[in-house]
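Below is one structure, written out as structure tokens; comments come after it.
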Amino acid sequence: MKRSLLFALCLMIGACAQRADSPMLIPSVNEIEYGRKSFSLPKTAGIYADSELVSAGEYLKEAFADRVCFQGVTPEDATVRLLMDRSVAGIDTYRLSVTHAKVEIRCNSYGGAVAAIATLRQLAVKGDVPCCHIEDSARFAWRGFMLDVSRHFFTKEEVMQLLDYMALYKFNKFHWHLTDDQGWRIELDAYPELTTQGAWRKPNNHDEECMQLASRQDDSTYLLPEDRHVTLRGDRLYGGYYTKTDIREVVAYAAKRGIDVIPEVDMPGHSQRAIAVYPTLSCFDKASWGTVFSAPLCLGKDQTIQFCKNVYREIFELFPYKYVHIGGDEVEKDNWERCPRCQSRISHLGLKDEKELQSWFIKEMADFFEVHGKKLIGWDEIEEGGLQNNQTVMWWRSWSERSFRNAITAGNEAIISNNEYFYLSQAENRGTLRKVYEFDIDGMFEDSIPTSVKGIQAHLWAETIPTFEKCCFRLFPRLLAVSEQAWRRPSGDFEEFERRAFAHLENIFDADSLNYRIPDLKGFCDRNVFVGQTMVKLSAPLQNTEIYYTTDGTIPTQASNRYTDGIVITEDTTLKLRCYTPTGHAGEIVTLSYIATDYLPAVEAKSLYEGLQADWYDFKGETCAGIDSAAFLGRYVVPTVAIPQGVSGNIGLVFSGYIEVPEDGIYSFFLESDDGSVLDIDGVRVIDNDGPHSRLERSGQVALAKGLHHLSARYFDYNGGMLKFGAIDSAGQRIALPAAWRLLHE
Ligand code: ACM
Ligand code: ZN
């Protein structure tokens, strides 16, 4: 359809760009014109789908099954029509027209049809569907999500639930991390013991950590579910696996939703479970641990290579998609250095070292995959010994962007999934949703994104995620920001995205009783001060959030005090807060200190200059305290607490000077950093954001009398590096220091 025709149609339906009741779509669509009327979902309706879209029609029926009973009819009689139109360009392109009487989807692919259904599902969230015309297509062809089911096991029903939400948010690749050191989860005919033994284990260090978290945070979603335990030969064991029938069922369920399934059987490292079952697969016939990672498969033994191929031969039969993931990450090479067979393979093949041995194995497997019509994907370590063009690189190590660049420069396909942004198993904080949304993928390239970049992918590693509830808590709402990134280049208006994401939490997640991380409350710093007494006023971004609190140090529960319209504080107090969703899911525990204080008196100083002094040290340590014992590298004057131009590599910075404030008052600051940072004013630790960590914000208050006060800040960067400092205004917004608060030095 030509654009002019679209707008003629829009005029006919009385189009407008926005309506008060327009649902908030995630990801947002390229073009939408609303009409004035709505399409009321009928109790029964006729549906027609072109032959290639029959399964999509089935999916649509299932998605609306609780509201509409669909019957198959001719195109002329259909209320809902799914039509293939290959003349339309673009990735997963579709046009969705909703009039008061009919719904029509035209698409250029199966992916376009399921994307249109996702949009329709979201449009219908509140009941009637607003009349509209949408033109939409994807930014990336690869919109992936990976689930680790080895460290902790997720049932096929849980996997299918996730697939359904993936489809709702237009993800189309499901990477299933099926094996690792802690559990083998896929039944294979050639090696039945991999699951009869390898799927079960005694409680391990991850389980221990989960138990501790469950108790420390009074959080039952850290408890290993009862239904994932068996008793074998008197031992209570944890685990689970998928039969071949389960796998086929999941693959079919995904396919109907336009999702390809990429299995991963991690080799030659992360193979301890397989080695525990068949010890001769390893160099020294036993499962063991090396310096950092588990001891790998022995690549000197022909029988091990045969095992790898036999495993993948069965995998190929189960998974119809072309791409299959071999892992290839984090391979401990100590055993190979000491193993006569591995050394003999190295010398026989004329390889340089153990890195080349790993590379030889990946190439051997890539060729084996290719012979079977498959294409190998590996984690970015597979690039280290050189790549063949039949290898796709999944970039995960944020600190090794070089591997990603090397891959695309060599013309290999690559997927962006660097851990800093896409490892959603990492705990969230106040800044993480914004961080994913604001990741500037286009900004990584001088020109447009190269076509060898297939797309992006998020990952969930399950070491400390033993339940589906905890999995959803970690994924949402961050996965919605990944969805926005995968489908469209974000507009840059984070607050607008956040409003949409929050609407989804209330309208979809609460309605489905699906867990998510409750958005951060507002109205406080980590460290708060008051003079006399104070009234704590909290605000929650979601209307239905219930807030409970304690002042005696205990963890708040739904039996604790419920926050209504303020908490009066008259003495030093530790306030603990915990939110609950309307369906009873608990949020994180927030611990705040309230400190009774007087205004710190101003100090005297003469001959001051604008800005702060910043001293740079060659620092490699892990706490701010040690920075100035490292070698001094240079002195700078900076307008605020920020990394001076030209400072990089090992960074330890000590900022010193004064802050001048215009009146007696309580002043609020934040420090966001990767790694640690601290802020002291007049010798008081106002913000403690110390220690090695990824990007994290902490905030603090101090009561200051009008005039000058000593200010000192410290920052170090272990691996990554960012530093942001500013004030917090009365609405809780993070802002640059107001001009009236001056930073000065001697
Ligand atoms: C990985 O996180 N080892 C891919
Ligand atoms: Zn060996």
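Once phi is turned into ³J(HN,Hα) by the Karplus curve 6.51 cos²θ - 1.76 cosθ + 1.60 with θ = phi - 60°, what whole-Hz value does each residue of region 380-397 show in order, with x for glycine and proline?
In residue order, the calculated couplings are 5, 4, 5, 6, 4, x, x, 10, 9, 6, 8, 10, 9, 9, 9, 7, 10, 7 Hz.
At a Cα cut-off below 13 Å, give the aspartates and glutamates reachable from residue 301, other chains included and same-chain residues fewer than 8 away excluded.
285
Compute the length gained on full extension between residue 41 and residue 352: take 0.36 nm times their separation in residues and subtract their Cα-Cα distance, giving the result in nm to one decimal. Please list the in-between numbers first.
Working: separation 311, 0.36 × 311 = 111.96 nm, distance 6.70 nm.
Stretched out fully, the residue 41 to residue 352 stretch lengthens by 105.3 nm.
Note down the relative contact order for the chain as a percent, whole number, built from C-alpha pairs under 8 angstrom at least six residues apart. Present the calculation step by step, with values, prior to reporting the outcome.
Numbers: 1695 pairs, mean separation 65.6, N = 746.
Once normalised by length, the contact order is 9 percent.
For region 166-248, take the alpha-carbon Rg, divide it by the Kirkwood Rh, and send me Rg/Rh. Intermediate values should be presented prior to the final figure.
Details: Rg = 15.4 Å, Rh = 14.8 Å.
Here Rg/Rh amounts to 1.04.
Quick one: which residues, 5 or more positions from residue 441 or on another chain, have an amide H under 5 Å from its amide H? H modelled 1.01 Å from N in the peptide plane, none for Pro or chain starts.
none
Find the Rg to Rh ratio for region 44-120, where Rh is the Kirkwood radius over alpha-carbon pairs and Rg uses the same atoms. Don't skip to the answer; put the middle values down first.
On the way: Rg = 11.4 Å, Rh = 12.2 Å.
The Rg/Rh ratio comes out at 0.94.
I want to make sure I understand the PRE zone here: with the label point 7 angstrom from the Cα of residue 533 toward its beta carbon, which residues in region 576-603 have backbone N atoms less than 18 Å away?
594-598
Could you point to the residue in 475, 523, 554 farthest towards the positive end of region 469-607's charge dipole, with +1 and -1 charges on the Cβ of Lys/Arg and Asp/Glu respectively?
Final value for the positive-end residue is 475.
Need one number: nm distance between label points at residue 740 and residue 402, each 7 Å from Cα along Cα→Cβ, rounded to one decimal.
Label at residue 740, label at residue 402, 5.1 nm between them.
Residue by residue through region 680-693, what is 3J(HN,Hα) from phi via Karplus (6.51 cos²θ - 1.76 cosθ + 1.60, θ = phi - 60°)? Round to whole Hz and write x for glycine and proline.
Per residue, the Karplus-derived 3J(HN,Hα) values read 10, 10, 6, x, 9, 6, 7, 10, 10, 10, 7, x, x, 7 Hz.
Any idea what Rg and Dmax come out to for region 113-242 if you just take the C-alpha atoms, in Å?
Taking only Cα atoms of region 113-242, I get Rg and Dmax of 19.7, 63 Å.
Mean residue ellipticity at 222 nm from the helices of the chain, using -39,500 (n - 2.57) per DSSP H segment of n ≥ 4 over the full residue count, to the nearest 500 deg cm²/dmol? Kindly include the intermediate steps, with their values, before the conclusion.
Working: 18 runs with 181 residues, N = 746.
The per-residue figure over the chain is -7000 deg cm²/dmol.
Tell me the Kirkwood radius of region 442-560: reciprocal of the mean inverse pair distance over distinct alpha-carbon atoms, in Å.
Details: mean 1/r = 0.0559 Å⁻¹.
Computed over region 442-560, the radius equals 17.9 Å.
Counting only residues 5 or more places away or on other chains, whose amide H sits under 5 Å from the amide H of residue 262 once H atoms are built in the peptide plane?
174, 175, 176
Quick query: amide H of residue 517 versus all other amide H atoms, modeled in the peptide plane; which residues come in under 5 Å with a sequence gap of 5 or more or a different chain?
476
Any idea what % of Cα-Cα pairs in the chain are farther than 33 Å?
Working: 162227 of 277885 pairs.
The answer is 58 percent, as a whole percent.
What spacing in nm lies between the two simple spin-label points modelled at residue 445 and residue 244, each 7 Å away from Cα in the Cβ direction?
4.1 nm
Place a +1 charge on the Cβ of each Lys and Arg in region 300-381 and a -1 charge on the Cβ of each Asp and Glu, then give the dipole magnitude about the Cα centre in debye, rounded to the nearest 20.
Working: 13 positive and 16 negative charges, 65 e Å.
Dipole size: approximately 320 debye.
What distance in nm separates the two pseudo spin-label positions at residue 565 and residue 212, each 7 Å out from Cα along the beta-carbon direction?
Inter-label distance under the simple model: 4.5 nm.
Enumerate the calculated ³J(HN,Hα) couplings along region 583-594 in order (Karplus 6.51 cos²θ - 1.76 cosθ + 1.60, θ = phi - 60°), each rounded to whole Hz, writing x wherever the residue is Gly or Pro.
Going residue by residue, I get 9, x, 7, 8, x, 6, 8, 10, 10, 10, 9, 10 Hz, with x marking Gly and Pro.
Would you work out which of 325, 304, 336 lies farthest towards the positive end of the dipole of region 288-401, given +1 charges on the beta-carbon of Lys and Arg and -1 on that of Asp and Glu, about the Cα centre?
Of 325, 304, 336, it is 304.
Which one, 448, 533, 654, is farthest towards the positive end of the dipole of the chain when Lys and Arg carry +1 and Asp and Glu -1 on their Cβ?
The residue sitting most towards the positive pole is 448.
Within a Cβ distance under 13 Å of residue 225, other residues only, what is the Lys/Arg minus Asp/Glu net charge?
Details: positive: 228, 470; negative: 157, 158, 207, 226, 227, 469.
Counting the neighbours of residue 225, the net charge comes to -4.
Give the relative contact order (percent, whole number) for region 662-746; include only Cα pairs under 8 Å separated by 6+ residues.
Numbers: 185 pairs, mean separation 30.0, N = 85.
Across region 662-746, relative contact order equals 35 percent.
Quick note: the coordinates plus some simple rules give every number you see, no bench work behind them. Since the model is a prediction, treat every value here as computed from it, not as a measurement. Here Cβ is always computed from backbone atoms with ideal geometry, including for glycine, and neighbour counts include all displayed protein chains.
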